[in-house]
1. Calculate how many DSSP beta bridges within the chain are antiparallel, expressed in % of all such bridges and rounded to the nearest 5.
2. To two decimal places, what compactness ratio does segment 179-251 give when its Cα radius of gyration is scaled by 2.2 N^0.38 Å?
3. Could you report segment 1-92's accessible area per residue, 1.4 Å probe, as an integer in Å²?
4. What list of ³J(HN,Hα) values in whole Hz, one per residue of segment 35-45 in order, does the Karplus curve 6.51 cos²θ - 1.76 cosθ + 1.60 (θ = phi - 60°) give from phi, with Gly and Pro shown as x?
5. Each residue of segment 213-221 in order: what ³J(HN,Hα) in whole Hz does its phi give by Karplus 6.51 cos²θ - 1.76 cosθ + 1.60, θ = phi - 60°, with x for Gly and Pro?
6. Using Stokes-Einstein with the Kirkwood hydrodynamic radius over Cα pairs, what translational diffusion coefficient do you get for segment 39-194 at 20 °C and a viscosity of 1.002 mPa s, in µm²/s rounded to a whole number?
7. For the chain, what is the largest minus smallest coordinate of the Cα atoms on each principal axis, given in angstrom and ordered from greatest to least?
8. Which peptide among 258-270, 73-85 comes first, and what is the full order, when sorted by highest mean count of other Cβ atoms within 10 Å?
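The values are calculated or read from the model by the stated rules, or taken from the named source; none is laboratory data. Bear in mind the structure is a predicted one, so any value in this text is a computation, not a measurement. Note that we place each Cβ from the backbone using ideal geometry, even for glycine, and neighbour counts take in every protein chain shown. The area values use the complete protein model at the heavy-atom level, side chains included, leaving out ligands, DNA and RNA. Shrake-Rupley method; radii C 1.70, N 1.55, O 1.52, S 1.80 Å.
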Amino acid sequence: MSTFLVTGGAGFIGSNFVHYVLESTDHRVIVLDKLTYAGNRASLKGLPVNRMTFMHGDIADADLLDELMPQVDAVVHYAAESHNDNSLNDPRPFVDTNILGTYALIEAARRHDVRFHHISTDEVYGDLELDDTERFTETTPYNPSSPYSSTKAGSDLLVRAWVRSFGLRATISNCSNNYGPYQHVEKFIPRQITNVLDGVRPRLYGEGLNVRDWIHANDHSSAVLTILERGRLGETYLIGADGEHNNKAVIESILEIMGESAGAYDHVVDRPGHDLRYAIDSTTLRTELGWFPQYSDFHAGLEATVQWYRDNEPWWRPQKAAAEAKYQLTGQ
Ligand code: NAD
Ligand code: TDX
């Protein structure tokens with residue numbers, strides 16, 4: 001039995017990981033979360049209090065980290081500013097949390113010799129052409145496009161340097177786009193589902209031909225746990241579930257699932273610098289560590305996600321107006 005320090009455990013993917021670990025193992029979890037606009041304690045409701053402790057705080061707080069590190073066997077670092085559109089409007093918090101926050105954490109992990117797993121994104125590799133058969137691999141050169149993805153790339157490079165220079169016992173994973181319960185309504189899929197629930201037409205950026213490689217958050221969690229259990233120190237693993245779909249097709253599926261006509265959406269102004277296509281080759285993780293995704297039917301996963309947002313309006317409603325007010329400023 002181990003104790004994990006899960007940073008950002010009140011956010012979308014972090015909270016899914018906490019649920020997954022507490023349900024499928026006997027490990028304990030300490031969540032460290034600053035509760036920014038994206039953090040929500042309600043995402044951790046109902047979890048066993050004897051195995052999960054919540055600590056409200058900033059990953060950049062070195063004194064707090066010195067208190068927490070002796071209590072844990074590993075850090076699983078999800079905390080980040082995570083939304084590309086926000087990073088275009090105000091990049092500063094991205095530099096603070098994603099770069100300086102990660103720096104504070106790896107320094108603390110080094111001081112206390114604690115195993116570290118860094119959660120990152122496929123966006124560090126930039127984008128692929130729509131008609132390209134290539135996918136990202138562990139050796140694809142870094143080429144981030146947005147303030148968000150460049151700060152994630154910077155944090156990955158810090159972790160790699162701490163491994164090489166200081167022997168930090170670390171692994172890194174770069175995952176594709178996640179969907180599932182507890183995702184903030186600013187993000188593409190929950191935004192469109194909750195718009196339809198509110199009688200508002202979904203909003204597609206540009207022509208909507210951009211492709212994302214969707215993976216259910218539970219599959220991301222099982223992959224991270226596999227890397228914590230069997231990953232080779234110093235390695236980077238790509239996590240993906242072969243779920244490429246363009247945005248237009250995703251909106252049409254949501255509309256179909258929710259009983260609306262396929263064309264009942266609006267095109268809005270495109271995202272500046274909008275990455276065209278992401279696609280992950282996760283062969284290393286599958287062949288070396290024996291991981292496989294369980295949620296291979298994207299349409300069924302989308303149906304379950306629509307149902308989750310139907311059933312959990314008290315969870316998302318408090319965030320909806322503020323998220324839409326931000327989009328109004330950019331006409332999106
Ligand atoms: P999210 O925005 O839903 O959650 C982020 C969490 O981090 C929130 O609970 C927030 O309160 C917390 N946080 C932010 N700054 C903090 C700080 N300084 N100190 C402590 N806590 C802080 O994000 P998410 O979508 O769950 O993403 C989690 C991680 O996974 C990020 O590192 C992101 O880059 C990565 N990732 C996300 C995706 C995706 O599709 N969403 C895909 C690949 C990788
Ligand atoms: O209203 C919208 N309409 C639209 O067409 C929104 C919010 C988005 N989009 C498009 C932009 C993207 O092509 O949908 C796609 C997905 O958008 P986001 O949910 O903002 O995700 P993305 O920018 O792809 O980044 C996500 O995946 C990688 C996460 O937010 C990142 O944290 C992760 O690293």
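1. Percentage antiparallel, nearest 5: 10.
2. It is 1.39.
3. Normalised by residue count, the accessible surface of segment 1-92 is 42 Å².
4. 6, 5, 3, 8, x, 8, 4, 5, 6, 10, 5
5. 9, 7, 9, 5, 4, 5, 5, 4, 4
6. Value of D from the Cα-based Kirkwood radius: 125 µm²/s.
7. That works out to 56, 43, 38 Å along the principal axes.
8. Top of the packing list down: 73-85, 258-270.
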